[in-house]
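Q: One structure coming up, written as C-alpha cells, with questions to follow.
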Amino acid sequence: MDYITAVAAETGLAIDSEALALALDARDELRELRDEFSIPAVGDVAGSDPDSESGSGPDSASGSNHNHDPAAACTYLAGNSLGLMPRRARQLVGEELDEWARRGVVGHRRHSHGRAWVAYRERVVELMAPLVGAGAREVGVMASLTSALHLLLAAFYRPHAQRTRILLEAHAFPSDHYAAESQAQWHGLGAGAVLLAEPRAGELVLRTDDVLALLAERGSEIAVVLLSGVQYYTGQAFDMARITAAARAAGCVVGWDLAHAAGNVALQLHAWGADFACWCTYKYLNAGPGGVAGFFVHERHGADHPRLKGWWGHDAATRFDMTNAFAPAAGAAGFEVSNTPVLAAAALLGSLQVFARAGGMARLRAKSERLTALLERLLQPALVRARIITPCDPAQRGAQLSVVFDDADAFAAVFSALAAAGVVCDERKPSCIRIAPAPLYNSYADVWRCAAVIAAAIAAAITADQR
C-alpha cells in the first residue's frame, strides 16, 4: 500500500475514491498492455449456462444487466480461472490454420512465418522459461496439466523401503489428490500412502513452519513432496524456496503444481532446486480453455533418468531414423511423449509474446501486488458477515483474494450483484468468491468497481435484514 498511499497523498485524493483509481491507472507503465486483450462485453457475459461448471464458465457472470450498457467492456477479474484472450492468439492461430491450408504436411519443415511446426516447442519454451525461473532446456510443453503430472510422477515417484509417501496438502485441488492416490495404487500401495499436510485447527492456510516441521519429523517416509505453488481456494502462496530446501535436505523428491502460480508470482525453479513442476496455461498465462500444459525438469536429471517414453522425446537429430532405440533429447524435451499441439501452442505463444513485451515477471508482480492491495483496502470496511481468507502479507499470496461469507444467502446476493453489474468473478460454493486482478489487463478502476459493487450489495442485504 505504500505506493498507493503516496499517490493519494500527492494528489489529495481519498484512497477509496474512483478518482484515485483513475489516477493510478494514468500512472501505470503497463496500462497499454490491456489493449493486447479482448475484453468481453457486459452483454456477452451476463447470461447463465446451466451446463457449465460452477465458477469456471459462463455461469460465473449469470444475472441481468440492470441498465448497464451491454456493449461496454465488462470488469473481468477471473483470470485465476480462465485468462482473457490475447489478440495475438487469434492472429497466430489464424496464421497456423492458413499455413495448414496452404502447405499441408510441408508446414512441418517450411513455414511462411519461420515457425516450422517440427520445432514449434522451441519458440514456446524460450519465452516461457523466464516466467518460471528456469533455463529453456528445463522446460517443456505437452498434454494437459493432470496428464503431465501423471507422466512426471511416473518418472519421479519411485517408492522403496520405508520411503513410500507422497506429501500433499489436505485441501489441494481434487486432480492432485486423484493423481497422487492413483500413482500410489499403481505401485501396489493404498491411498494411505498419500500423507496429507493439514492446517491447524480453526485455520484455512497451511503454515510454512508446520510444513517444515512435518518434513523434519517424517521426511524419511516421503518419496515425493507435491504441493501447490499457490493454493487454488485460499490464494495462499507457499514459501517454495524454503519448502524445497527442507524437502531436499530430508532426501525427498520435490514437485510443484503451479496451476495458480505460473504467470502470477515470481518463480525460481532452477535456483530453488525443485526436481519437477507442471502447470496449466489457461489461467494467468492466457492460452485459452484447455491450453497445453507446461512442465519443468531440473537439468541435473540426465538422460539416464527413468521415464515413460514417447517418440517426441527422442533426440531431434535422429528422431526420424526410426531405429526404435530410444535416445532421449536433452533436458525436459526428453520427457515429452508426443509432438507439440501447434494450434494450442500458437495461442500460448501469443500470450507469451505479451509477457515479453511487459518486461518480465518482476514488473508484472509489482503491479499485481498494488492491485491486490488496493482491492483488499477497499473491501475490508465493507465486509460484514464476510472475511478475506487470503493471507494479508503480499509475499504469501498471488493476485487472488478469496472472500468467504458467513451464510449462503449473503454469498448468493453479492455474487448475483457482481454479475448484474458486469463484474466477472469466480465462485466456489458454498460461500467463497474469488477475485483475481491480473496485471496484464486489469486496471485499478476495475478493482474499484468490483469493490464498490460488493460494498453496495452487502449494504443492501443488511438493510433488507433490518426491515
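The values are calculated or read from the model by the stated rules, or taken from the named source; none is laboratory data. In this text, all values refer to a predicted model and were calculated from it rather than measured experimentally. As a convention, Cβ positions derive from the backbone with ideal geometry for all residues, glycine included, and neighbour counts pool all protein chains shown. Note: accessible area is taken over every heavy atom of the protein model, side chains too, but ligands, DNA and RNA are not part of it. Shrake-Rupley method; radii C 1.70, N 1.55, O 1.52, S 1.80 Å.
Q: About the Cα centre, and with charges only on the beta carbon of Lys, Arg (+1) and Asp, Glu (-1), how big is the dipole of region 193-242? Nearest 20 debye, please.
A: 80 debye
Q: Helix-only mean residue ellipticity at 222 nm, the chain, DSSP H runs n ≥ 4 weighted -39,500 (n - 2.57), per residue, nearest 500. What is it?
A: Numbers: 14 runs with 176 residues, N = 467.
Estimated from H runs of four or more residues: -12000 deg cm²/dmol.
Q: Something else now. For region 350-396, restrict the atom set to alpha-carbon positions and state the Rg and Dmax in Å.
A: When restricted to the Cα atoms of region 350-396, Rg and Dmax are 14.4, 43 Å.
Q: Ignoring ligands, DNA and RNA, what percent of the 1.4 Å accessible area of region 206-352 is carbon and sulfur?
A: Accessible surface attributable to carbon and sulfur in region 206-352 totals 53 percent.
Q: Once you list every other residue whose beta carbon is under 12 Å from the beta carbon of residue 6, what net charge do they have if Lys and Arg are +1 and Asp and Glu are -1? Write down the numbers at each step before the final one.
A: Numbers: positive: 27, 370; negative: 2, 10.
Taking every Cβ under 12 Å from that of residue 6, the sum is 0.
Q: With +1 on the Cβ of every Lys and Arg and -1 on the Cβ of every Asp and Glu, and nothing else charged, how large is the dipole of the chain about its Cα centre, in debye rounded to the nearest 20?
A: Charge dipole of the chain: 1100 debye, to the nearest 20.
Q: Run through the DSSP bridge list for region 104-256 and note the antiparallel percent, rounded to the nearest 5.
A: Antiparallel bridges: around 15 percent, rounded to the nearest 5.
Q: Tally Lys and Arg at +1 and Asp and Glu at -1 over the other residues with C-beta under 12 Å from the C-beta of residue 18: what net charge comes out?
A: Net of charged neighbours comes to -2.
Q: Further, regarding this structure: Put +1 on the Cβ of each Lys and Arg and -1 on the Cβ of each Asp and Glu in region 367-428; which of 415, 405, 392 then has its Cα farthest toward the positive end of the dipole?
A: 392
Q: Here's another thing I want to ask about it. From the C-alpha coordinates alone, can you work out the Kirkwood hydrodynamic radius of region 372-443, in Å?
A: Mean inverse Cα-Cα distance, inverted, gives 12.7 Å.
Q: Continuing with this model, one more query. May I ask you to work out the translational diffusion coefficient for region 235-364 at 37 °C, viscosity 0.692 mPa s, via Stokes-Einstein with Rh from the Kirkwood sum over Cα pairs, reported in whole µm²/s?
A: Translational diffusion coefficient: 200 µm²/s.
Q: A further question follows. Between (i) 77, 60, 46; (ii) 68, 53, 43; (iii) 78, 54, 50, which entry matches Cα extents along the principal axes in Å as derived from the coordinates of this structure?
A: (i)
Q: Taking only protein heavy atoms and a 1.4 Å probe, what accessible area per residue, in Å², does the chain have with all protein chains in place?
A: Details: 19300 Å² over 467 residues.
About 41 Å² of surface per residue is accessible.
Q: Projecting each Cα onto the charge dipole of the chain (Lys/Arg +1, Asp/Glu -1 at the beta carbon, about the Cα centre), which of 314, 339, 233 comes out farthest on the positive side?
A: Sorting the options by dipole projection puts first 314.
Q: Can you give the convex hull volume of the alpha carbon atoms of region 158-269 per residue, in Å³?
A: So the per-residue Cα hull volume is 99 Å³.
Q: Further, regarding this structure: For the chain, give me the percentage of DSSP beta bridges that are antiparallel, rounded to the nearest 5 percent.
A: Bridges in the chain are about 60 percent antiparallel.
Q: Evaluate 2.2 N^0.38 Å with N set to the residue count of region 318-360, then give the Cα radius of gyration divided by it.
A: In units of the 2.2 N^0.38 Å rule of thumb, it is 1.64.
Q: I've got another one for you. Less than 23 Å apart at the alpha-carbon level, and either on another chain or at least 8 residues along: which lysines does that give for residue 367?
A: Once the sequence-local lysines are set aside, what remains near residue 367 is 283.
Q: Something else now. How charged is the neighbourhood of residue 36? Take every other residue with its Cβ under 10 Å from the Cβ of residue 36, and add Lys/Arg as +1 and Asp/Glu as -1. Can you show the working numbers first?
A: Details: positive: 34, 87, 88, 357; negative: 32, 35.
Once all neighbours under 10 Å are counted, the net charge is +2.
Q: I've got another one for you. Per residue, how big is the convex hull around the C-alpha atoms of region 76-186? Give it to me in cubic angstrom, could you?
A: Dividing the Cα hull volume of region 76-186 by its residue count gives 178 Å³.
Q: Taking all pairs of different Cα atoms in region 126-209, averaging 1/r and flipping that mean, what Kirkwood radius in angstroms comes out?
A: Here the Kirkwood hydrodynamic radius works out to 14.8 Å.
Q: Let me ask you something else. Ranked from the most accessible area to the least, with a 1.4 Å probe and all protein chains present, what is the order of 85, 128?
A: Working: 85 70, 128 0 Å².
So the residues, ranked largest to smallest area, are 85, 128.
Q: Rg/Rh for region 76-140: what does it come to with C-alpha atoms and Rh from Kirkwood?
A: Ratio of gyration radius to Kirkwood radius for region 76-140: 1.07.
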